[in-house]
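The values are calculated or read from the model by the stated rules, or taken from the named source; none is laboratory data. Note that the structure is predicted; figures quoted are calculated from it, not measured. In this analysis, Cβ positions are derived from the backbone assuming ideal geometry, glycine residues included, and neighbour counts consider all displayed protein chains. These area figures cover heavy atoms from the full protein model, side chains too; ligands, DNA and RNA do not enter into them. Shrake-Rupley method; radii C 1.70, N 1.55, O 1.52, S 1.80 Å.
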Amino acid sequence: MNKKKSILQGNVLYTIIAIIIGFVIGAIFLVIAGISPAVAYGKLISSVFSKPKYLVYTLVYAAPIILTGLSVAFSFRTGVFNIGAEGQFVVGSIAATLVGVLVELPAVIHVPLCILAAMAAGAFWSFICGLMKVKKGIHEVLSFIMFNWIAFYFSNFVVNLKSIKVEGGEASRNLADSARILFPAEWIAKIKCPDANWGIVIAVVMAIAIWIIIEKTTLGYRLKAVGFNKHSAEYAGIDANKSILTALCISGALAGLGGAVQIMGQSGRLVQFAGQEGYGFEGISVALIGSSNPIGCIFAGLFYGAMKFGGSKLNIVQVPSQIISIIMGCVIIFIAISHIFKYLLLKLTDKKEA
C-alpha cells in the first residue's frame, strides 16, 4: 500500500493520465470533423517512428524546446515565473547570428563563442527584468511579456541591417560553416537528415547539469530556499534579491542557449518574424509536463518534439495540424488541475486503509 501511495503522491501518473485524456479529447474533435482518429493518430505515429530520419528530426525539433523548458523549470523551482523565455530565446538567436555571420574563426573557437554570446544575451535580457523586480517591485510577468515583444521587434530590426542582411530577402546571411553544429557530412548522408545536429546532446548535458545544480549544490539549495519562502530564507541569512537575480540569469542563459541551438543547428540564419515563433511558450508546456524536473524536461521535450514534427505531416492525410495544439492544450489543462485528482485519489486511499 505504501508503494501505491508513493505513486499517487508523485506526478508521473497524473502526467500520463493527462496525455491520455488529451488524445481522447483530440479524437472526439476529429470525429466531430468527420476524420478517423485511427488514420490521424496512425499517421502521427508513423511520421515519427517509421524511418530513422524521422526519429532524428524529432530530436532536432526537441532540442531547443528542451532548453526553453529547462529555462522555465529552473525558474519555477527557484520561485520566479519566467514567462520571458521567448524573448530570451530570440535575443540568444540574434547574438549567435551576429557572431556566426560577422566573425571569422576556426570552428573549435567559433562554435563556443556563438554559444557563450547567446547565453550571455539571454542572461542579460532576463537580468534586466530581475533588476526591475528587486529594485522597483515590478512583477516579473509584466516585464517579461513586454520584453518578449521588444525582442521580437529588435530581431526584425537586426535582420534588416545591411551588414548581415541577404540581398533581395528578409533574412540574414547564412552562418559560417565554422559556426554550425551539424553532424559530420558522412553521418548526415547516412541518416538522410540535413538538419541533424548536436543540439540534443547539448540539451541533455545541460539538463543533467541543471539537475546537479538544483539537487546537489549549495547554490541550488539557496535558490530553492528563496523560492519556497523568501522571508524564511532571509531570516536564515540568504540574500534573497541576489538569489532571484542569479536564478533569472541562469534561466535566461538556458533560453538563450535554446536560441543558439536552433540557429546554429536547424535554421542556419535569422529570418524576419511575421509572428512570435513560440519556442519560449512551448518551454512552459515542457516544464509543466516534466513537473519542473530537469530530467523530466528531457522526456517532455522529446514528446513535444515528436508531436510537433509528426503533426507537421498530418496534412498528407487531410488532417488539420491544429489538432496537435488541441491535444497539447488539453494535456496542459489537465496537468494544471492534477492536484485535484491527486487529492481525491489520496483521500480515497486513506479511507480504504482506515
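Does the range 327-337 contain any residue that is closer than 17 Å to ILE32 by Cα and touching a helix residue (DSSP H, G or I) at 6+ places or on another chain (Cβ under 9 Å)?
Here is the first cut: in the range 327-337, the residues closer than 17 Å to ILE32 by Cα are 327, 330.
Adding the requirement that they be touching a helix residue (DSSP H, G or I) at 6+ places or on another chain (Cβ under 9 Å) leaves 327, 330.
There is at least one residue in the range 327-337 that is closer than 17 Å to ILE32 by Cα and touching a helix residue (DSSP H, G or I) at 6+ places or on another chain (Cβ under 9 Å).
Considering only the range 80-102, state which residues are open to solvent by 50 Å² or more (accessible area, probe 1.4 Å) and not in a helix (DSSP H, G or I).
PHE81
Is the range 141-149 home to any residue that is farther than 15 Å from GLN272 by Cβ, modelled with pLDDT under 90, part of a helix (DSSP H, G or I) and open to solvent by less than 60 Å² (accessible area, probe 1.4 Å)?
yes
Go through (1) part of a loop (DSSP other than H, G, I, E, B); (2) open to solvent by less than 40 Å² (accessible area, probe 1.4 Å); (3) more than 28 Å from ALA176 (Cβ to Cβ) one by one and return the number of the condition GLY310 breaks.
Only one criterion is unmet by GLY310, namely (1).
Just one of ILE213, ILE298, ILE200 is open to solvent by 40 Å² or more (accessible area, probe 1.4 Å), part of a helix (DSSP H, G or I) and β-branched (Val, Ile, Thr); which is it? Outline the logic, then answer.
Working: ILE298 fails: open to solvent by 40 Å² or more (accessible area, probe 1.4 Å); ILE200 fails: open to solvent by 40 Å² or more (accessible area, probe 1.4 Å).
ILE213 is the lone residue from the list that is open to solvent by 40 Å² or more (accessible area, probe 1.4 Å), part of a helix (DSSP H, G or I) and β-branched (Val, Ile, Thr).
Return the only residue of SER325, SER321, SER292 being under 18 Å from the mean Cα position of the chain (by Cα) and surrounded by fewer than 16 Cβ atoms within 10 Å (Cβ to Cβ).
Exactly one of SER325, SER321, SER292 is under 18 Å from the mean Cα position of the chain (by Cα) and surrounded by fewer than 16 Cβ atoms within 10 Å (Cβ to Cβ), namely SER325.
Among the numbered criteria (1) surrounded by fewer than 16 Cβ atoms within 10 Å (Cβ to Cβ); (2) under 15 Å from GLY265 (Cβ atoms); (3) of a type in the set (S, T, N, Q), which single criterion is violated by SER163?
So the condition that SER163 fails would be (2).
Could you count how many residues in the range 49-75 are over 8 Å from the mean Cα position of the chain (by Cα), polar (S, T, N, Q) and surrounded by 21 or more Cβ atoms within 10 Å (Cβ to Cβ)?
Counting residues in the range 49-75 that are over 8 Å from the mean Cα position of the chain (by Cα), polar (S, T, N, Q) and surrounded by 21 or more Cβ atoms within 10 Å (Cβ to Cβ) gives 2.
Looking only at the range 338-351, decide whether some residue is closer than 19 Å to SER47 by Cα and among the charged types (D, E, K, R). Spell out how you get there, then give the answer.
Keep residues of the range 338-351 that are closer than 19 Å to SER47 by Cα, which gives none.
Scanning the range 338-351 turns up no residue that is closer than 19 Å to SER47 by Cα and among the charged types (D, E, K, R).
LYS133 versus (1) in a helix (DSSP H, G or I); (2) among the basic types (Lys, Arg); (3) out of contact with any helix residue (DSSP H, G or I) (no Cβ under 7 Å at 6 or more places or on another chain): which is the lone unmet condition?
Unmet for LYS133, out of (1) in a helix (DSSP H, G or I); (2) among the basic types (Lys, Arg); (3) out of contact with any helix residue (DSSP H, G or I) (no Cβ under 7 Å at 6 or more places or on another chain): (3).
Quick one: GLY256 ticks every box in (1) in contact with a Gly (Cβ under 6 Å, 6 or more places away or on another chain); (2) at pLDDT below 95; (3) closer than 27 Å to ALA107 by Cβ bar one, so which box is it?
The single condition GLY256 does not satisfy is (2).
Name the residue that is modelled with the lowest pLDDT, counting only residues in the range 68-79 that are outside any loop (DSSP other than H, G, I, E, B) and out of contact with any Leu (no Cβ under 6 Å at 6 or more places or on another chain).
Just the residues of the range 68-79 that are outside any loop (DSSP other than H, G, I, E, B), to begin with: 68-77.
Okay, now just the ones that are also out of contact with any Leu (no Cβ under 6 Å at 6 or more places or on another chain), so 68-69, 72-77.
Numbers: THR68: 96, GLY69: 95, VAL72: 94, ALA73: 93, PHE74: 94, SER75: 91, PHE76: 89, ARG77: 86.
By that ranking, first place goes to ARG77.
Of all residues in the range 223-267, count the ones that are surrounded by 14 or more Cβ atoms within 10 Å (Cβ to Cβ), within 24 Å of the chain's Cα centre (by Cα) and not hydroxyl-bearing (Ser, Thr, Tyr).
Total meeting the criteria: 25.
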